[in-house]
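Some notes on the structure that comes next.
The values are calculated or read from the model by the stated rules, or taken from the named source; none is laboratory data. Since this is a predicted model, take the numbers as computed values, not measurements. Ideal geometry is used to build each Cβ from the backbone, glycine not excepted, and the neighbour counts take in all protein chains shown. What goes into the accessible areas is simple: the full protein's heavy atoms, side chains included, and nothing from ligands, DNA or RNA. Shrake-Rupley method; radii C 1.70, N 1.55, O 1.52, S 1.80 Å.
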Amino acid sequence: MAIERTFSIIKPDAVAKNHIGAIYNRFESAGLKIIASKMVHLTKEQAEGFYAEHSERPFFGALVSFMTSGPIMVQVLEGENAVLANREIMGATNPAQAARGTLRADYADSIDENAVHGSDALASAEREIAYFFAAGEICPRTR
Ligand code: RTP
Ligand code: MG
């Protein structure tokens, strides 16, 4: 099993509903370690840059508008197969299709406001971590 890092966002809907602690508990209970964390309120430019791969999709404007609607928590998670492990904890993009016990089943209201983001591959994890965190803001565990 490979120790990986992945990038995670608690989106504005879940922050507004006071679910930060509950979501962090899910990560830690699953054995993922939070090795960097901060709250930010994205500008339109930051949100457009982060989701650039979706810029031609019909939902892009709504996505950027939602992601700038309030503060978010951004974090780096480390652990065995962290990229896939986090995607499993999150559940399907559309909460109506998310498996029971996943974050999106429990905390998301719709496909547009779906509580969390998680990197979909190791390469995107690396890019997304670097988009939000300087090397000195990441604190690997020594114990
Ligand atoms: P995320 O990037 O936020 O972790 O979500 P994801 O990988 O599960 O989904 P992705 O395809 O990357 O889409 C990014 C976000 O765009 C919104 N979306 N809306 N209306 C739609 O058909 C639609 N499809 C995607 C979602 O909020 C999704 O999280
Ligand atoms: Mg995605």
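Among the residues of segment 127-143, which ones are in a loop (DSSP other than H, G, I, E, B) and either out of contact with any strand residue (DSSP E or B) (no Cβ under 7 Å at 6 or more places or on another chain) or not aliphatic (A, V, I, L, M) (or both)?
Taking segment 127-143 as the starting set, the residues that turn out to be in a loop (DSSP other than H, G, I, E, B) are 133-134, 138-143.
Listed by number, the residues that qualify are Phe133, Ala134, Cys139, Pro140, Arg141, Thr142, Arg143.
List pairs: first residue in segment 65-77 and without any contact (Cβ under 8 Å) to a residue 12 or more places away in the chain, second residue open to solvent by less than 10 Å² (accessible area, probe 1.4 Å) anywhere in the structure, Cβ distance under 8 angstrom, at least six positions apart or on different chains.
Note: no pairs meet the criteria.
The rows are residues; the columns are (1) modelled with pLDDT under 95; (2) open to solvent by 70 Å² or more (accessible area, probe 1.4 Å); (3) more than 10 Å from ligand 1 (Cβ to nearest atom).
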| residue | (1), (2), (3) |
| --- | --- |
| Asp106 | no, yes, yes |
| Ser110 | no, no, no |
| Gly118 | no, no, no |
| Ser124 | no, no, no |
| Ala135 | no, yes, yes |
| Arg141 | yes, yes, yes |
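Picking from Gly79, Gly101, which residue would you name as being open to solvent by less than 30 Å² (accessible area, probe 1.4 Å), outside any helix (DSSP H, G or I) and more than 24 Å from His41 (Cβ to Cβ)?
Gly79
Residue under question is Val15, and the condition is that it be touching a Pro at 6+ places or on another chain (Cβ under 7 Å), assigned to a helix (DSSP H, G or I) and either closer than 20 Å to Ala108 by Cβ or at pLDDT below 95 (or both); does it hold? Outline the logic, then answer.
Working: touching a Pro at 6+ places or on another chain (Cβ under 7 Å): yes; assigned to a helix (DSSP H, G or I): yes; either closer than 20 Å to Ala108 by Cβ or at pLDDT below 95 (or both): yes.
Taking the combined requirement at face value, the residue satisfies it.
Restricting attention to segment 33-59, which residues are open to solvent by less than 90 Å² (accessible area, probe 1.4 Å), in a loop (DSSP other than H, G, I, E, B), within 16 Å of ligand 2 (Cβ to nearest atom) and not aliphatic (A, V, I, L, M)?
Hits for segment 33-59 are Tyr51, Ser55, Phe59.
For Ala62, state whether it is away from ligand 1 (no atom under 13 Å from the Cβ), surrounded by fewer than 16 Cβ atoms within 10 Å (Cβ to Cβ) and at pLDDT 95 or above.
Answer is no for this residue.
Residues of segment 39-59 being within 13 Å of ligand 1 (Cβ to nearest atom) and of a type in the set (S, T, N, Q), which ones?
Result: Ser55, single match.
Only one of Asn94, Asn86 is open to solvent by 10 Å² or more (accessible area, probe 1.4 Å) and within 14 Å of ligand 2 (Cβ to nearest atom). Can you tell me which? Break it down into steps so the answer makes sense when it comes.
Working: Asn86 fails: open to solvent by 10 Å² or more (accessible area, probe 1.4 Å).
When all the criteria are applied, what remains is Asn94.
Condition check: open to solvent by less than 80 Å² (accessible area, probe 1.4 Å), under 13 Å from the mean Cα position of the chain (by Cα) and among the charged types (D, E, K, R). Does Asp13 satisfy that? Break it down into steps so the answer makes sense when it comes.
Working: open to solvent by less than 80 Å² (accessible area, probe 1.4 Å): yes; under 13 Å from the mean Cα position of the chain (by Cα): yes; among the charged types (D, E, K, R): yes.
Yes: the conditions hold for Asp13.
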